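Right, one structure below, let's go through it.
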Amino acid sequence: MKIVNESIVTYGPLLTVVKATYIGDYVLRIFFSDHTSKVLDLKAFLENSKHLKIKKYLDENQLKLFQITDGNLIWGDYELIFPLEDLYKGGVK
């Protein structure tokens, strides 16, 4: 067998959340390890959720209690966490 085309896949640095700031009205600004930032509006997601553990974050005081753990943005004991790709795109479903 002859290899005609060989591709090499290289990966850059791992993308992580490095900082997040609560702006208000269910909106956060998220800062990533590649020096970009995105605005994330969680209001529609929270209002449309049917899960009680997620609905509790409609209380803005609860929503403000996020943490950054291992480069991820989380709430509670991983009660609420989103894929980095979704955060980076600035939207969650």
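Some notes on this structure:
- Cβ pairs under 6 Å, 6+ apart, first in the range 23-48 and more than 19 Å from Asp70 (Cβ to Cβ), second assigned to a helix (DSSP H, G or I) and of a type in the set (D, E, K, R): Tyr26/Lys43
- Residue that is surrounded by the most Cβ atoms within 10 Å (Cβ to Cβ), among those in the range 57-93 that are modelled with pLDDT under 95 and in a helix (DSSP H, G or I): Leu87
The values are calculated or read from the model by the stated rules, or taken from the named source; none is laboratory data. What you are looking at is a predicted structure, and each value in this text was computed from that prediction instead of being measured. Virtual Cβ from ideal backbone geometry, glycine too; neighbours counted across all protein chains shown.
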